[in-house]
1. Suppose we look only past 21 Å in the calculated P(r) of the chain. What percent of the Cα-Cα pairs does that tail hold?
2. Ignoring any ligand, DNA or RNA, what whole percent of the accessible area of the chain comes from carbon and sulfur when the probe is 1.4 angstrom?
3. At a probe size of 1.4 Å, how large is the accessible area of Phe137, to the nearest 10 Å²?
4. What would the Debye equation give as log₁₀ I(q)/I(0) for the range 62-172 at q = 0.13 Å⁻¹, counting only Cα atoms as equal point scatterers?
5. Any idea how far apart Asp21 and Ala89 come out in nm if each label point goes 7 Å out from Cα toward Cβ?
6. Using only protein heavy atoms and a 1.4 Å probe, report how much of Arg198 is accessible, in Å² to the nearest 10.
7. For the range 115-244, what is the accessible area per residue in Å², given a 1.4 Å probe and the full set of protein chains?
8. Rank Lys141, Lys71 by accessible area, highest first, at a 1.4 Å probe radius?
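The values are calculated or read from the model by the stated rules, or taken from the named source; none is laboratory data. Remember, predicted model here, so these are calculated numbers, not experimental data. Cβ placement follows ideal geometry from the backbone for every residue including glycine, while neighbour counts extend to all protein chains displayed. Note: areas computed on protein heavy atoms with side chains; ligands, DNA, RNA excluded. Shrake-Rupley method; radii C 1.70, N 1.55, O 1.52, S 1.80 Å.
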Amino acid sequence: MRCAIIADIHANLTAFTAVMDDIERQGGVEEVWCLGDIVGYGPEPHECISLLRQTNHVCVAGNHDLAAIGKVDTSDFNPDAATACLWTAQQLSPEDVEYLGNLPLVIEKDDFTLVHGSPREPIWEYLLSTSTAEANFAFFKSRFCLVGHSHQPLVFRYDETGTCSFSQFVTSIGLVLGESPLIINPGGVGQPRDSNPRASYAIYDSENRLTRLYRVPYDIRATQTKMIAHGLPMRLVARLSYGM
Ligand code: ZN
């Protein structure tokens, strides 16, 4: 089976559509695994939920998904994120609110545990250092864990000696899933933050146990133009150009 692993769409329909088109170009997938933050920051939250729901998918809740429906409060958000969250809440249909409200925090699928932030703290914790990642290997039972939230394509590996190492997840090298437990982040679809503005996602193929990262160019200006038209914060508009 082939699965697309996507995270942090953030209401960027242009990026999400480019990723879905790229998935088809790569031969298609049977399932889409989404790691949360469908909405927040970007200009088309309702449309992104609709497009995701047209796919055969599973999805966990992200902090922005729950903030947009008032299930977590935005006091931990920076002012721009909070402004975008208030705007997002006004764009959602009753069906969108119900859909987001029913998203689980954790999904277990085959050899994988899916969460937004971390297995220890599914909503809020960022996995960006080996020390934080190392502590989190005790919090999932499957061999592999898929996370989003940091918008950075990263792989944390826990080896036989009990040490945790990390590497950038890059497009040139397929990641073979072997015996070592891994925590994998496919990067962000709608707001990449690794200084590469291209949309980021991965495809997992259960037949050869290979996970591959893809980076997809999209019409960043189109998303930015819509954000400006909706009066979304300029800092959020600008960062898409730099992938930061
Ligand atoms: Zn996010």
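1. Distances greater than 21 Å cover 52 percent of the Cα pairs.
2. 51 percent
3. Here the residue's solvent-accessible area equals roughly 20 Å².
4. -0.58
5. Spacing of the two 7 Å Cα→Cβ label points: 3.5 nm.
6. 120 Å²
7. 44 Å²
8. These residues rank, largest area first, as Lys141, Lys71.
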